[in-house]
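One structure below.
The values are calculated or read from the model by the stated rules, or taken from the named source; none is laboratory data. Given the structure is predicted, the values throughout are model-derived calculations rather than measurements. Methodologically, a virtual Cβ is constructed for each residue, glycine included, from the backbone with ideal geometry; neighbour enumeration extends over all protein chains shown.
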Amino acid sequence: MAPPSNRLRTAILISGRGSNMQALIESCRAADAPAEIALVLSNEPDAAGLSLAAAAGIATRVVSHRAFADRAKFEAEIDSVLRAAGIQLTCLAGFMRILSDKFVEDWRDRMINIHPSLLPAFKGLNTHARALAAGARIHGCTVHFVRPEMDSGPIVVQAGVAVEPGDTPDTLAARVLQAEHRIYPLALRWIAEGRVRVQEERVLIDGVSAPLAPLLNPQP
Ligand code: GRF
């Protein structure tokens, strides 16, 4: 089957390893994938994800924040690269730069992020260690539309991961990462299928009204 001709042109912004990027790229290989990864952009020239993307035949760009006098100029360059590539949706996947309110508003409802916690709990860094320190029984990950306040915005999908006795931040992170690799492609598919709406800062997904029970403790 030929891929749909009107696939959503999607960019992924990374800074490092790129495992979520890889999951998104792989999911878009499906013949019926409603999105295509048209560009991977990194602010770090040495990001491992860049070579993975290139090996997958995806166009890559480096826009190093170090090359710009200030955040506004750095973001203006990213914006122009995205627009020149005809990008309709931007996925942040381990992109480690804070984005200004202007950039976020310019891409409002057209930019999503994955965060390794069940938001609104544990915004920011070191989420797994903090979940363990708090004695959380259920941890997980969230895909959300990006808003100016860091790690906030309408939630598209979440996966819960049970905290096991003896978990360390690393063992917990590894299981959460498996869940991330399931829910990020799912969110992209739903959005690209045109089934996702933001209404009063909550996400409505046409055709997904039942509880997503399988997403609790997803198996690899
Ligand atoms: C992931 O844990 C993601 O949730 C967070 O940054 C990490 C990126 O990992 N935002 P990778 O580069 O996708 O492997």
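Scan segment 112-144 residue by residue and report those that are in a loop (DSSP other than H, G, I, E, B), on the phi > 0 side of the Ramachandran plot and either in contact (Cβ under 8 Å) with a residue 24 or more places away in the chain or away from the ligand (no atom under 16 Å from the Cβ) (or both). Lay out the reasoning, then the answer.
Filtering segment 112-144 down to residues in a loop (DSSP other than H, G, I, E, B) leaves 116-126, 134-137.
Those still in the list that are on the phi > 0 side of the Ramachandran plot too: 122, 124, 126, 135.
Scanning segment 112-144 gives G124, N126, G135.
Each row is one residue, and each column tells you yes or no for (1) touching a Cys at 6+ places or on another chain (Cβ under 6 Å); (2) in contact (Cβ under 8 Å) with a residue 60 or more places away in the chain; (3) over 30 Å from A173 (Cα atoms).
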site	(1), (2), (3)
A11	no, yes, no
A38	no, no, no
E44	no, no, no
V81	no, no, yes
G86	no, yes, yes
A93	no, yes, no
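Quick check: is even one residue across segment 55-66 modelled with pLDDT of 95 or more and within 15 Å of the chain's Cα centre (by Cα)?
Going residue by residue through segment 55-66, those that are modelled with pLDDT of 95 or more are 55-66.
Still in the running and within 15 Å of the chain's Cα centre (by Cα): none.
No; the residues of segment 55-66 include none that is modelled with pLDDT of 95 or more and within 15 Å of the chain's Cα centre (by Cα).
Only one of D151, D101, D109, D79 is within 11 Å of the ligand (Cβ to nearest atom), surrounded by fewer than 21 Cβ atoms within 10 Å (Cβ to Cβ) and under 26 Å from R197 (Cα atoms). Can you tell me which? First the steps, then the outcome.
Details: D101 fails: within 11 Å of the ligand (Cβ to nearest atom); D109 fails: within 11 Å of the ligand (Cβ to nearest atom); D79 fails: within 11 Å of the ligand (Cβ to nearest atom).
Unique residue meeting the criteria: D151.
Surrounded by 15 or more Cβ atoms within 10 Å (Cβ to Cβ) and part of a strand (DSSP E or B): is that true of E44 in this structure? Step through it out loud before you land on a result.
Values: surrounded by 15 or more Cβ atoms within 10 Å (Cβ to Cβ): yes; part of a strand (DSSP E or B): no.
When the stated conditions are applied, E44 does not pass them.
Return yes when R17 is among the basic types (K, R) and either in the same structural domain as A187 (by TED's automatic domain parsing) or within 11 Å of the ligand (Cβ to nearest atom) (or both) and no when it is not.
Details: among the basic types (K, R): yes; either in the same structural domain as A187 (by TED's automatic domain parsing) or within 11 Å of the ligand (Cβ to nearest atom) (or both): yes.
Against the criterion (among the basic types (K, R) and either in the same structural domain as A187 (by TED's automatic domain parsing) or within 11 Å of the ligand (Cβ to nearest atom) (or both)), R17 qualifies.
Could you list, in sequence order, all residues of segment 46-57 that are within 16 Å of the ligand (Cβ to nearest atom), free of Cβ contacts under 8 Å to residues at least 40 places away in the same chain and out of contact with any helix residue (DSSP H, G or I) (no Cβ under 6 Å at 6 or more places or on another chain)?
Within segment 46-57, D46, A47, A48, L50, S51, A54, A55 meet the criteria.
In this structure, does S80 turn out to be out of contact with any Pro (no Cβ under 9 Å at 6 or more places or on another chain), in a helix (DSSP H, G or I), of a type in the set (S, T, Y) and more than 27 Å from P154 (Cβ to Cβ)? Steps first, please.
Details: out of contact with any Pro (no Cβ under 9 Å at 6 or more places or on another chain): yes; in a helix (DSSP H, G or I): yes; of a type in the set (S, T, Y): yes; more than 27 Å from P154 (Cβ to Cβ): no.
No: the conditions fail for S80.
Considering each of I12, I25, I37 in turn, give the residue that is in the same structural domain as D79 (by TED's automatic domain parsing), away from the ligand (no atom under 13 Å from the Cβ), of a type outside the set (F, W, Y) and surrounded by 21 or more Cβ atoms within 10 Å (Cβ to Cβ). So that I can check it myself, show each step before the final result.
Details: I12 fails: away from the ligand (no atom under 13 Å from the Cβ); I25 fails: away from the ligand (no atom under 13 Å from the Cβ).
Exactly one residue qualifies, and that residue is I37.
Just give me the residues in segment 156-184 being out of contact with any strand residue (DSSP E or B) (no Cβ under 9 Å at 6 or more places or on another chain) and within 30 Å of N6 (Cα to Cα), in sequence order.
Listed by number, the list holds a single entry, H181.
Considering only residues that are touching a Phe, Trp or Tyr at 6+ places or on another chain (Cβ under 9 Å) and aliphatic (A, V, I, L, M), look in segment 49-71 and name the one that is surrounded by the most Cβ atoms within 10 Å (Cβ to Cβ).
Among those that are touching a Phe, Trp or Tyr at 6+ places or on another chain (Cβ under 9 Å) and aliphatic (A, V, I, L, M), it is V63.
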